[in-house]
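Asks: One structure, pasted below without further comment.
Readers should treat all values here as calculations from the given coordinates under stated rules, not as data from a laboratory. Please read all numbers here as calculations on a predicted model, not as lab measurements. Cβ: placed from backbone, ideal geometry, glycine included. Neighbour counts: every protein chain shown.
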Amino acid sequence: MFRHYYLKKDFEKAIALGKEIYEIKTISEKDISKVHLFPRIRFIAYKLWYLSLCNGKDMALNNYIEEILSYSLAIHDALNLNDKRIVFYTIGEVFTSLGVSSKFQNQLKELYYNEFTYLPAQVISKPLKLMLPYIEPNGLLQQRPLVI
């Protein structure tokens with residue numbers, strides 16, 4: 001629901017739900033590590049949206065972005081290709097929707113570069129926002145033809 005509220009720009013509901021998720025019902029790192037990757041990476045990445053809605057300062061947001069990238073690096077080698085797509089796409093969606101610095105967007109792309117070498121060079125060289133549709137983690141959408 002948080003993602004829905006955020007993307008629909010219903011920020012009042014997003015803030016209220018985010019407060020419940022990220023402040024009132026605190027979840028330990030140990031507990032979150034037991035959750036399946038898809039909801040876990042959403043929980044971690046969407047916190048950046050929440051922090052930005054709460055008038056997060058650039059320094060705090062940048063610190064959390066670095067945390068997200070460090071976490072992604074830490075779990076990277078243990079993931080299969082489908083899980084890597086999920087992590088890349090989820091973090092990429094948050095980064096691009098917030099207009100996160102290209103420095104951080106490029107760090108994300110570099111971390112996952114080897115997973116996407118099957119794509120044409122002109123796709124990989126695109127800015128993250130334009131590259132994301134080609135990395136869609138939805139299995140059905142992966143079968144569509146590449147339109148460059």
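Asks: May I ask you to evaluate 6.51 cos²θ - 1.76 cosθ + 1.60, the Karplus curve with θ = phi - 60°, for each residue of segment 112-129 and list the ³J(HN,Hα) values in order in whole Hz, giving x for glycine and proline?
Replies: 9, 3, 5, 6, 10, 5, 6, 7, x, 4, 5, 7, 4, 7, 5, x, 3, 4
Asks: Under the rule of at least 5 residues apart or a separate chain, name every residue whose amide H is placed under 5 Å from the amide H of Val100.
Replies: none
Asks: Let me ask something additional. So for the chain, taking the charge dipole from beta-carbon charges (+1 Lys/Arg, -1 Asp/Glu), which of Ile27, Val123, Tyr64 sits furthest toward the positive end?
Replies: The residue sitting farthest along the positive end of the dipole is Val123.
Asks: Give, in nm to one decimal, the length gained when the segment between Glu29 and Lys57 is fully stretched (0.36 nm per residue of separation minus the Cα-Cα distance).
Replies: Additional length available on full extension: 7.7 nm.
Asks: Of the lysine pairs in segment 1-91, how many meet both conditions: Cα atoms under 27 Å apart, and a spacing of 8 or more in sequence or different chains?
Replies: 25
Asks: Suppose each label sits 7 Å from its Cα in the direction of the beta carbon; what would the Leu73-Ser101 distance come out to in nanometres?
Replies: The answer from the label model is 1.5 nm.
Asks: Please work out the FRET efficiency for the pair Glu66 and Leu119, using the Cβ-Cβ distance as r and a Förster radius of 41 Å; give the result to the nearest 0.05.
Replies: Efficiency computed from Cβ-Cβ geometry: 0.95.
Asks: Let me spell out the model: positive unit charges on the Cβ of Lys and Arg, negative unit charges on the Cβ of Asp and Glu, origin at the Cα centre of segment 31-133. What dipole size does that give, in debye rounded to 20?
Replies: 220
Asks: When a/c is below 1.5 the answer is rounded, else prolate if a/b is larger than b/c, else oblate, so apply that to the chain with a ≥ b ≥ c taken from the square roots of the Cα gyration tensor eigenvalues.
Replies: prolate
Asks: Tell me, what is the percent relative contact order of the chain, built from C-alpha pairs under 8 Å that lie six or more residues apart?
Replies: Dividing the mean separation by the residue count of the chain yields 19 percent.
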